[in-house]
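My structure is below; once you've seen it, I'll send some questions.
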Amino acid sequence: MNKKEDITLFYGLYKSPVGDLDYFISENGIFQLSTGKDPFLKTQRCFTTIDASSEGWLYKEEPLGDKNKILNKKSFFEKSRKLAERLEEELDQYFDRNLRKFSLPFDLSFYTKFQLKVLSALTSIPYGKTFSYLDVARLIGCPKAFRAVGNAVGSNRLMIIIPCHRVIKNNGRMGKFGGGEDVKRFLLNLEGVEFQI
C-alpha cells in the first residue's frame with residue numbers, strides 16, 4: 001500500500017448532467033472524481049484541502065520566515081487550477097460525446113498492486129463497450145479472481161476517467177455503481193450502450 005503523509009489536495013466542483021461531481025487534485029494529478037458519495041477522503045486523516053475559490057488561504061497563518069512554503073503552495077495552487085480547467089474541458093467534451101478517452105495525469109496513491117492492475121485494465125475497455133468482471137479477471141491473467149476484481153473495481157476513485165461504469169455483471173446485468181445505478185445507466189447510454197433495467 002502506497003501511503004503518504006500530509007497530502008495537499010486542490011478541491012473543485014463540476015456541474016455535470018449526472019449531478020455535481022467533486023474533484024480533488026494532488027501534486028501528481030487527478031486524485032479523485034466522484035459524486036460526493038465516496039467515503040475515501042472522509043476516512044483519511046492525512047489530507048489538507050485547498051478549495052478552488054480560496055486563493056487567499058495560501059497567505060494565511062504562515063510563518064514570516066517560511067517563504068518557500070508559501071511559494072510552493074502558490075505554485076501548487078496555480079498548477080492545480082490549470083489541471084482543473086483541463087479536467088472540466090475534457091468532461092464537457094465527454095458529455096457532449098466528443099471525447100472517448102481522457103488524457104489527464106492521475107494519482108493512484110493508496111491502492112494495492114492488485115487494485116492497480118485492475119484499474120489499469122479498466123482503462124483499456126473501449127468507449128461504448130462493456131466487459132464483465134470475469135472478462136477483466138481474464139484480462140489481468142487471474143480468471144478465478146472475478147470477485148476480487150469486483151472489489152477492486154468498486155475501489156475506483158476516478159469515475160468516468162477510469163471507466164468502471166463499463167464493467168457489468170457476469171450474467172449481463174448492469175450491476176452496482178458507486179455513483180448510483182441511474183448514473184451508470186446514463187453514462188452507458190451516453191456511450192451508446194442501452195441498459196433499460
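The values are calculated or read from the model by the stated rules, or taken from the named source; none is laboratory data. A quick note: this is a predicted structure, and the numbers were derived from the prediction, not measured. Because the Cβ atoms are built from the backbone with ideal geometry, glycine has one as well, and the counts that use them run over all protein chains shown.
Considering only segment 25-38, I want to know if a residue exists there that is outside any helix (DSSP H, G or I), at pLDDT below 60 and not small (Gly, Ala, Ser).
Narrowing segment 25-38 to residues outside any helix (DSSP H, G or I): 25-38.
When the remaining residues are screened for being at pLDDT below 60, the result is 38.
When the remaining residues are screened for being not small (Gly, Ala, Ser), the result is 38.
Taking every residue of segment 25-38 in turn, at least one turns out to be outside any helix (DSSP H, G or I), at pLDDT below 60 and not small (Gly, Ala, Ser).
Cβ-Cβ below 8 Å, separation at least six or inter-chain, first residue in segment 91-113 and among the small types (Gly, Ala, Ser), second surrounded by 15 or more Cβ atoms within 10 Å (Cβ to Cβ) and modelled with pLDDT of 95 or more: which pairs?
Sorted first by the residue in segment 91-113, then by its partner, the pairs are Ser103/Glu90.
From the residues in segment 15-27 that are over 17 Å from Lys184 (Cα atoms) and under 13 Å from the mean Cα position of the chain (by Cα), which one is surrounded by the most Cβ atoms within 10 Å (Cβ to Cβ)? Can you show your working first?
We begin by selecting, within segment 15-27, every residue over 17 Å from Lys184 (Cα atoms); these are 23-27.
If we keep only those that are under 13 Å from the mean Cα position of the chain (by Cα) as well, we get 23-26.
Values: Tyr23: 23, Phe24: 23, Ile25: 30, Ser26: 21.
In this case the residue turns out to be Ile25.
Inside segment 127-196, counting only helices (runs of 4 or more DSSP H) that do not spill past its ends, which hold 2 or more residues that are touching a residue at least 60 places away in the same chain (Cβ under 8 Å)? Let's see the steps before the verdict.
On the way: elements: 133-139, 146-154, 181-190.
In segment 127-196, the matching helices (runs of 4 or more DSSP H) lie at 181-190.
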